[in-house]
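This report concerns only the one structure given below.
Just so it is clear, none of the values below were taken in a lab; they were calculated from the coordinates. Values in this document were obtained by computation on a predicted structure and should not be read as measured data. Here Cβ is always computed from backbone atoms with ideal geometry, including for glycine, and neighbour counts include all displayed protein chains.
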Amino acid sequence: MSIISGDLVSVKLDIFKSGMKIDYSIYREKNREFYLLCKDVVLTDELIERFKDLTYPHHDVYIPGAQYDNILREKNKQKNKLKRTVFKKSYEQTKQNTSKMLDRISKENSVPIEVAEELSKTMHKQIETMEISHIIQSINSVRQVDEQLHTHSVNVALLNGIIGKWLKLDKHDLAALVMIGLLHDIGKLKIPQDILNKPSKLNKAEFELMMKHPIYSSELLENSGFTDERILQGVIQHHERVNGMGYPYGLNIGSIIDFARITAISDVYETMITKKDYKGGRSPFEVLSWFAEGCYSELDFNYVMAFLESMVEELKGKRVRLSNGKAARVMFLHVSNFAYPIVELDGDIIHTSEDIKCVSIIDE
Ligand SMILES: [Fe+2]
């Protein structure tokens, strides 16, 4: 872009696409004179071709400077939309492939290492190359009762990778974290479905069996040839808690490895977002509020702080659906009250509350 006069700026013709609605003037230049090409039109391929002929060979056109920002914003929006579509497709594919791998583990009682590594590599790549906000949007998306282990496994793997990225871990640690997320719950394949999906409270025997799933996960991995101690320990310790109240061993804080502490955060966040364990599910704002207020006795303080800080940055500026059905934009989240952010609604700034609260994030 270069500024020609106080008002007109030059841009390349290729920023205009067929179907764009032009409610301003576009000019061409010849011998320092400006000639109107069009105004108040919807561009067509024919029109664009004609403009190409008229602006040959450089294809420079001139528009009011005030329109330039709007065009850039629109261009970024389109680019963002395309990137989001690419991620969604890849996310769905990863879930399907994970589901197939879990079926194989169930049938063969063994983890196909090469398949798990391939999946983990794909997710690692998604985290490196895709927009983190698109990944979080998919994890946060409202869904019905989700009893599917593959969705949970993929989401925990992605969350582990995102937290690892925020913590600036190296690629080997990041790969191990993603792998732990992907495989942490495979031991549930050995628990009867009626216990896993029981709507009422588990009895003592059922609960004791359920509490063994991290051991089963780790055993399956060891028997399949996994030797990385960080992965084995991360998997077996993902339900241990820093107050010693976790399971299966009730380890104390000093014995829980960092990868298990991080996986515990991803696991709890993912579980709270879904509807299975918490009535009606919770919005990301309510979940973060719980993290900020109620979890320090259970989860690692430093990792929770890092998680909260980065999540809050991701949520700022997002469009949200309010409980009154209207759409608003998040302006500010206060550390003392994540559940009720300040939003912009129809040009007004409002404090959300129990009466009007954010229920979900709009995919835009
Ligand atoms: Fe688990």
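Observations on the structure shown:
- Take every Cα pair under 8 Å whose residues are at least 6 apart in sequence, average their separation, divide by the length of segment 2-67, and the relative contact order is 44 percent.
- Within segment 154-241, trypsin sites (Lys or Arg not before Pro) in DSSP loop having at most 13 other beta-carbon neighbours inside 10 Å: LYS168, LYS201
- Expressed in Å, the radius of gyration and Dmax of the Cα atoms of the chain are 25.8, 89.
- Relative contact order computed over segment 109-282 (Cα-Cα under 8 Å; 6+ residues apart), in percent: 24
- Annotation note: GluC sites (Glu not before Pro) in segment 66-157 located in DSSP loop regions with a Cβ neighbour count of at most 15 within 10 Å are GLU131, GLU147.
- With a simple spin-label model that places each label point 7 Å from the Cα along the Cα-to-Cβ direction, the separation between LEU202 and ASP173 comes to 3.2 nm.
- Convex hull of segment 2-67 built on C-alpha atoms - directionally averaged projected area, nm²: 4.1
- Cα-based reach from LYS83 at 25 Å (exclusive), listing lysines while leaving out same-chain residues under 8 positions away: LYS12, LYS17, LYS21, LYS75, LYS95, LYS121, LYS125, LYS165, LYS168, LYS171, LYS316, LYS318
- Working note: 222 nm ellipticity from helices only, DSSP H runs with n ≥ 4, each -39,500 (n - 2.57), summed and divided by the residues of the chain, gives -16000 deg cm²/dmol to the nearest 500.
- Loop-resident trypsin sites (Lys or Arg not before Pro) (DSSP state other than H, G, I, E or B) in segment 1-74 with no more than 10 further Cβ atoms inside 10 Å of their Cβ: ARG32.
- Using the Cβ-Cβ distance between ASP23 and HIS58 with R0 set to 22 Å, the FRET efficiency works out to roughly 0.30.
- Two-decimal Rg to Rh for segment 1-148 - Kirkwood Rh, Cα set: 1.25
- Among ILE350, ILE256, the ranking by other beta carbons within 10 Å of each residue's beta carbon, starting with the fewest, stands as ILE350, ILE256.
- Segment 323-364 and segment 1-64: distance between their alpha carbon centers, rounded to Å: 40
- With contacts taken as Cα pairs under 8 Å and at least 6 residues apart, segment 26-141 reaches a relative contact order of 20 percent.
- For ILE191, the amide hydrogen comes within under 5 Å of no other amide hydrogen, counting only partners 5 or more places away or on other chains and with H modelled in the peptide plane.
- Distance (nanometres) between label positions extended 7 Å along Cα→Cβ at GLU74 and THR227: 6.0
- Total formal charge among the other residues, if their Cβ is under 12 angstrom from that of ASP228, Lys/Arg +1 and Asp/Glu -1: -3
- Computed extension gain for LYS39 through TYR249, at 0.36 nm per residue and net of the alpha carbon distance, reaches 68.3 nm.
- Gained length - VAL335 relative to LYS316, 0.36 nm times residue gap less alpha-carbon distance: 5.6 nm
- Span-like helix ranges in the chain, DSSP H, alpha carbon extent 20 angstrom or more, Kyte mean at least -0.5: 149-166, 258-273, 301-315
- Maximal additional length on extending the GLU46-LYS107 stretch stands at 16.0 nm, based on 0.36 nm per residue less the C-alpha distance.
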